[in-house]
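What follows is a single structure, written as structure tokens, with notes after it.
The values are calculated or read from the model by the stated rules, or taken from the named source; none is laboratory data. Predicted model only: the values in this text are computed from it and were never measured. Heads up, the Cβs are rebuilt from the backbone with ideal geometry, glycines too, and the neighbour counts pull from every protein chain shown.
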Amino acid sequence: MPTHESRHQRIEAVRRFNRFYTRKIGVLGNGVYRSPFTLTQARVLFEIAHRRQTIAAELVRELGLDPGYLSRILRGFRKRGLVAAVKSGADRRRELLSLTHRGRTVFAPIDTRSHDEVGAMLGEMPPGDQQHVVSAMHTIERLLHAPAPASVGARATDPAGHILRSPRASDMGWVIERHGALYAQEYGYSQRFEGLVAEIVAAFVRNFQTKWERCWIAERDLERVGSVFVVRRSETVAQLRLLLVEPAARGLGIGARLVNECLRFARHAGYSKMMLWTQTGLDAAHHIYEKAGFQIIRRERHKEWGQDVAGETWERDL
């Protein structure tokens, strides 16, 4: 068991890092990024700006704010003409929030300064060190976003016993191999499908854009059991690709969690829409997509992989 002293040292290490990083990114002054807004106010503006429409309850849940405190912030924004609120057509009790033209004009330089200051900070380091910093941040984000483990030092898992993590060495080869094997076994797809998966994975690795793209590997009992990718289709559209769950791990909610993680990431990255391309006959995956809010917009028949199937394009707004 860890000693009280070692636990204390870990706590102090986190506090020390927090003090260092908040000073490093310049959010300790009265106005964040040389603006008239506090850090919390700027974050609320950011969330509203990067969603087509949202409601106060979603901001409370996403930011962990007190509802009364958020209400005062929003009331101040509306008085200054930065935020507009309209009644939801689906539920008249809810107000949909969005930035006004003035709000976007005011927010734009804050967003630009944030981008430029982080770029300047990274620019002081060689590319290899930049990647180390970004990878370390991905690790922190992944572990702190996961539900707390039952004991100190345990792997962070959800109640079903699985974790989502960033890819490691050999994971990309596993994604290709398992897609080829499972789709041949379960749907009779030819090796041409495995070749397509290899092309998608190779393009992702070769052209990876940290801000816009992501891959998650699902792991259960130290074994890889699933994967999913988000790739940049355009400035406003993200594409979900290569969703896979091993047969022995199906029915545990892993597929739904992978899809929801993609949606969460895409919203934060600033996309306004997510699309995916799937095939007829993949009923379990289609059920997950439907529950996540995707809808079919196009269907085209083909025999690309030795089977007579229809490719389906699905979309949903973010």
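Mind listing whichever residues of region 294-318 are surrounded by 12 or more Cβ atoms within 10 Å (Cβ to Cβ), outside any strand (DSSP E or B) and not polar (S, T, N, Q)?
F294, E304, W305, G306, L318
Could you grab me the full set of residues in region 186-195 that are surrounded by fewer than 17 Cβ atoms within 10 Å (Cβ to Cβ) and assigned to a helix (DSSP H, G or I)? Break it down into steps so the answer makes sense when it comes.
So in region 186-195, the residues surrounded by fewer than 17 Cβ atoms within 10 Å (Cβ to Cβ) come out as 186-188, 190-192, 195.
Within region 186-195, E186, Y187, Q191, R192, G195 meet the criteria.
Across region 280-318, what is the total count of residues that are aliphatic (A, V, I, L, M), touching a helix residue (DSSP H, G or I) at 6+ places or on another chain (Cβ under 7 Å) and over 21 Å from V197 (Cβ atoms)?
Qualifying residue count for the region: 2.
Is it the case that region 260-272 has a residue that's under 25 Å from E304 (Cβ atoms) and surrounded by fewer than 20 Cβ atoms within 10 Å (Cβ to Cβ)? Give the steps one after another, and end with the answer.
The first filter runs over region 260-272 and keeps only residues under 25 Å from E304 (Cβ atoms), leaving 262.
Then keep just the ones that are surrounded by fewer than 20 Cβ atoms within 10 Å (Cβ to Cβ); that gives none.
Within region 260-272 (the criterion being under 25 Å from E304 (Cβ atoms) and surrounded by fewer than 20 Cβ atoms within 10 Å (Cβ to Cβ)), the answer is no, since none of the residues qualifies.
Looking at E12, E58, which is the one that is modelled with pLDDT of 80 or more, in the same structural domain as L82 (by TED's automatic domain parsing), at negative phi and acidic (D, E)?
Working: E12 fails: in the same structural domain as L82 (by TED's automatic domain parsing).
So the residue among E12, E58 that is modelled with pLDDT of 80 or more, in the same structural domain as L82 (by TED's automatic domain parsing), at negative phi and acidic (D, E) is E58.
Scan region 305-318 for residues that are within 22 Å of L244 (Cβ to Cβ) and touching a strand residue (DSSP E or B) at 6+ places or on another chain (Cβ under 8 Å) and report the count.
Initially, region 305-318 is screened for residues within 22 Å of L244 (Cβ to Cβ), giving 305-307, 309-316.
So of that shortlist, the ones also touching a strand residue (DSSP E or B) at 6+ places or on another chain (Cβ under 8 Å) come out as 309-316.
Residues that pass the stated criteria total 8.
Which residue is surrounded by the most Cβ atoms within 10 Å (Cβ to Cβ), if the candidates are limited to region 147-177 and must be modelled with pLDDT of 85 or more and among the charged types (D, E, K, R)?
R165
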